[in-house]
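Asks: Sharing a structure here in structure tokens format.
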Amino acid sequence: MNPENFAESAAKLLTRRPDDAVRLKAAGIDIPQLVKLARSSNGGSPPHEAVAMPPLPSSLEALAESIIEVVRRPTVFVSGDDFELPVDAELARRLKAARPLITARLASVGLVEVFDGTQKWPIGTAWMVAENIAITNRHVAEKFATADEGGKPVLLNDLRGRPYKVTVDFREEHGSTEEAEAAIKDVIYLARHDNAVSDIALLQFAPGLKLPPPIPVLGERLPIDSWVAVIGYPQPDDRIPAKAREVEENYFSNVYGVKRLSPGQIDKLPISNAPNWLLAHDATTLGGNSGSVILDLKTGSAAGLHFRGDYRVANYGVDADEIRRVLAELKIASTRIAPAAKRPRRTMPAGEEEAVENLDAFKGYAPDFISPRGSKDFEIPLPDITEHAPGKVAKLKDGGTELRYRNFSVTMNRSRRMCYFSAVNINGKQTFSIKGARPPWKIDRRLDDELQIIEECYGAETAGKFSRGHMTRREDPNWGKERDEAVISNRHTFYVTNACPQMQPFNAGIWLSLEEYALENCDQADMRISVFTGPIFRSQDPDYFEVKVPVEFWKIIAFKHDETKELCATGYIMSQRDVLPTQDEFVFGQFRESQVTIRQIEKVTGLSFHHLRDHDPLDDGSEAIAVQTLRTPGDIVFSR
């Protein structure tokens with residue numbers, strides 16, 4: 001890397017961020033010498049001296065997204081509604097703390113693509129700003145639209161003389177072939193060319209599409225030095241200066257055109273006659289980032305719309321106030337969030353301290369639980385989370401992934417902050433009934449707090465909130481030689497890692513009695529079963545109180561059949577769409593209370609249940625969808 005570039009970046013860090021100055025000094029870097037070198041390389045002037053604002057170009061070719069800082073401004077991949085953490089420890093800490101807020105917005109950012117009659121071209125980024133409306137830059141929309149004589153936006157014609165086909169793909173992620181394309185019907189707003197007018201366009205989708213939720217727009221302008229993340233689709237950019245090539249390669253490693261997240265801060269405007277809607281930031285961008293959301297890390301709301309940059313000077317965006325003004329002018333409703341909103345946290349009463357239980361001694365789920373006399377034939381390992389599963393596995397503080405409780409285990413989805421699955425062993429001959437007051441719900445301190453949901457969407461149903469629905473039922477692990485052991489198991493089911501948001505009427509009926517019915521049909525000599533339960537994570541899951549709530553849940557029960565003496569494994573899916581606090585129509589599947597094949601559950605979850613599919617009485621070995629609607633437990637198929 002050019003030492004002058006590095007020195008200039010270091011000098012800027014010193015003047016804006018004292019915490020970084022401390023780190024540089026601790027690393028043994030000669031700070032005065034760096035500052036001297038930086039200023040000498042700029043002709044003796046401090047970096048980024050204010051200058052008159054250059055005219056905003058009228059053509060896309062004259063614009064450039066840009067690299068502002070050559071150090072400490074990495075760009076990371078977004079995948080499965082989650083994102084990688086950068087190597088830099090401080091940036092990783094900030095992004096990790098904001099992860100629940102960020103991941104709730106990732107699915108709402110998409111790649112704008114235009115079909116010109118012969119092939120499809122990526123031209124920029126857009127994000128959901130209101131119901132059925134996406135926002136991007138005017139100079140992006142001008143690739144396929146223009147204003148007529150009356151100023152009304154109209155679609156241009158492609159090479160065949162037909163209106164361009166424009167789509168927004170909300171996936172297009174590194175390492176994934178999945179697409180989530182939505183067709184644009186109209187351009188409903190196209191700003192005119194004028195330095196006093198912000199670079200905004202609004203796109204309206206075709207009716208009837210299942211779209212990600214809008215990103216709330218911040219209530220006011222962010223102060224200087226606020227931390228943000230730019231989310232978009234950087235493309236290789238031959239417009240940046242030749243001297244930037246090395247820096248570009250360092251940040252992007254020759255991988256372009258996929259969804260990325262770039263952390264940065266709000267900057268001082270380095271221009272003297274800026275319009276009042278202009279903001280500056282130093283997150284790393286390239287061509288293709290036009291139209292990216294500038295996300296506030298404190299609220300998870302949109303602080304601005306990125307639209308251009310000047311290499312090593314500043315990147316620019318349209319601020320939240322201007323976005324809301326344009327939406328209000330068009331009478332388009334948007335969600336507004338005030339700055340510094342904090343995710344509600346449960347607090348202990350004054351004078352009390354939370355008792356932290358030592359969970360290290362518990363062994364969790366046992367794969368050989370139903371194996372007779374050590375036989376390997378009945379061993380059932382925990383599910384594998386394959387590359388097709390949405391999101392990433394949450395790592396525990398000790399580096400592991402399995403949360404072991406008494407008689408059950410949980411593995412968490414990092415971005416959704418819920419479990420991929422909860423797996424329990426049930427011994428029907430040693431079960432105790434635990435009555436009395438329910439234990440309080442608690443955070444598991446083996447996992448970072450921000451990866452768990454303790455409040456937010458949970459609360460009174462009259463307020464449209466959800467119950468904490470047990471994945472492993474509170475009754476299931478309550479067995480042992482002594483009653484005190486069962487009391488511990490019951491308490492462990494009240495860690496929030498074992499809960500998902502559910503409406504109270506959902507977790508009842510047949511779903512609640514599946515385990516009991518399986519115990520009636522398992523080997524009566526042992527009465528042992530193993531149960532796996534979890535949510536089905538979909539990108540279209542609805543948002544409630546900043547949480548994406550699963551609509552469907554699955555369960556798999558395995559046991560030694562009392563009649564055949566063979567391993568039997570049955571799968572089930574149930575939907576709560578009919579009891580959600582909304583009238584929206586969800587078309588995710590046909591399931592209410594249904595028995596389905598384990599293969600189907602593997603397909604919709606991305607989990608692998610190893611050999612259990614070979615012991616499924618509903619599975620004939622084909623890929624055909626098999627659904628057995630359940631009206632009573634007697635409808636369950638336990639043998640072919």
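Asks: Suppose each label sits 7 Å from its Cα in the direction of the beta carbon; what would the THR118-ALA437 distance come out to in nanometres?
Replies: Placing both labels 7 Å along Cα→Cβ, they lie 7.6 nm apart.
Asks: Could I ask something else about it? Just add up the charged neighbours of GLY117: K/R +1, D/E -1, any other residue whose Cβ is under 10 Å from the Cβ of GLY117.
Replies: On the way: positive: ARG160, ARG162, LYS165; negative: ASP116, ASP158.
For residues surrounding GLY117, the net value is +1.
Asks: May I ask you to order 597-604, 202-209 by the average number of other C-beta atoms within 10 Å around their residues, highest value first?
Replies: 597-604, 202-209
Asks: How much length would be gained if the chain were fully extended between ASP368 and LEU156, taking 0.36 nm per residue of separation minus their Cα-Cα distance, in nm to one decimal? Walk me through the numbers before you get to the answer.
Replies: Values: separation 212, 0.36 × 212 = 76.32 nm, distance 6.50 nm.
Full-extension gain reported as 69.8 nm.
Asks: Can you put GLU566, GLU450, GLU552 in order, fewest other beta carbons within 10 Å first? Please list the in-between numbers first.
Replies: Values: GLU566 12, GLU450 15, GLU552 20.
Exposure proxy ranking, most exposed first: GLU566, GLU450, GLU552.
Asks: Rank by packing, highest mean first: peptides 92-101, 487-496, 473-482, with packing defined as the count of other Cβ atoms within 10 Å averaged across residues. Before the final figure, lay out the partial values.
Replies: On the way: 92-101: 18.0, 487-496: 21.4, 473-482: 19.5.
Final packing ranking: 487-496, 473-482, 92-101.
Asks: Expressed as a rounded percentage, what relative contact order does the range 104-216 have, with Cα pairs under 8 Å and six or more residues apart?
Replies: On the way: 239 pairs, mean separation 34.6, N = 113.
31 percent.
Asks: Further question: Would you please state which residues of the range 204-237 a label at ALA274 would reach in this model, taking the label point 7 Å out along Cα→Cβ and a backbone N cut-off of under 18 Å?
Replies: 218-230
Asks: Apply 1/(1 + (r/R0)^6) to the Cβ-Cβ distance of GLU402 and LYS331, taking R0 = 41 Å, and write down the FRET efficiency to the nearest 0.05. Could you put the intermediate results ahead of the total?
Replies: Values: r = 52 Å, r/R0 = 1.26.
Efficiency computed from Cβ-Cβ geometry: 0.20.
Asks: Compute the distance from the alpha-carbon center of the range 513-550 to that of the range 269-337, in whole Å.
Replies: One Cα centre to the other: 44 Å.
Asks: For the range 479-567, with only Lys/Arg (+1) and Asp/Glu (-1) charged at the beta-carbon, what is the dipole magnitude about the Cα centre, in debye rounded to 20? Don't skip to the answer; put the middle values down first.
Replies: Numbers: 9 positive and 15 negative charges, 43 e Å.
The calculation lands at about 200 debye.
Asks: Take each of the peptides 358-368, 609-619, average the number of other beta-carbon atoms within 10 Å over its residues, and list them starting from the highest.
Replies: On the way: 358-368: 14.4, 609-619: 19.4.
Averaged packing, sorted descending, gives the order 609-619, 358-368.
Asks: LEU359 to LYS603: FRET efficiency via 1/(1 + (r/R0)^6), r the Cβ-Cβ distance, R0 22 Å, to the nearest 0.05? Display every interim value, and only then the final one.
Replies: Values: r = 33 Å, r/R0 = 1.51.
Efficiency, from the Cβ-Cβ distance: 0.10.
Asks: Another question, then. State the extension gain, in nm to one decimal, for the chain segment bounded by ARG192 and LEU512, taking 0.36 nm per residue of separation less the distance between their alpha-carbons.
Replies: Details: separation 320, 0.36 × 320 = 115.20 nm, distance 5.97 nm.
Difference between extended and current length: 109.2 nm.
Asks: Give me the orientation-averaged projected area of the Cα convex hull of the range 372-635, in nm², one decimal. Working shown, then result.
Replies: On the way: hull surface 58.0 nm².
Taking the Cα atoms of the range 372-635, their convex hull projects to 14.5 nm² on average.
Asks: Suppose the Debye formula is applied to equal point scatterers at every Cα of the range 57-337; what is log10 I(q)/I(0) at q = 0.07, 0.10, 0.15 Å⁻¹?
Replies: Debye curve over Cα of the range 57-337, log10 I(q)/I(0) at q = 0.07, 0.10, 0.15 Å⁻¹: -0.22, -0.45, -1.09.
Asks: Counting only pairs 8 or more residues apart or on different chains, how many lysine pairs in the range 73-191 have their Cα atoms under 23 Å apart?
Replies: Here the count comes out as 9.
Asks: Any chance you could check the Cα centroid distance between the range 115-155 and the range 396-467 for me, in angstrom?
Replies: 45 Å
The numbers here are math on the coordinates, done by the rules we state, and not lab data. Keep in mind that this is a model prediction, so the values were computed, not measured. All Cβ positions, even for glycine, are placed from backbone atoms using ideal geometry, and neighbour counts span all protein chains on display.
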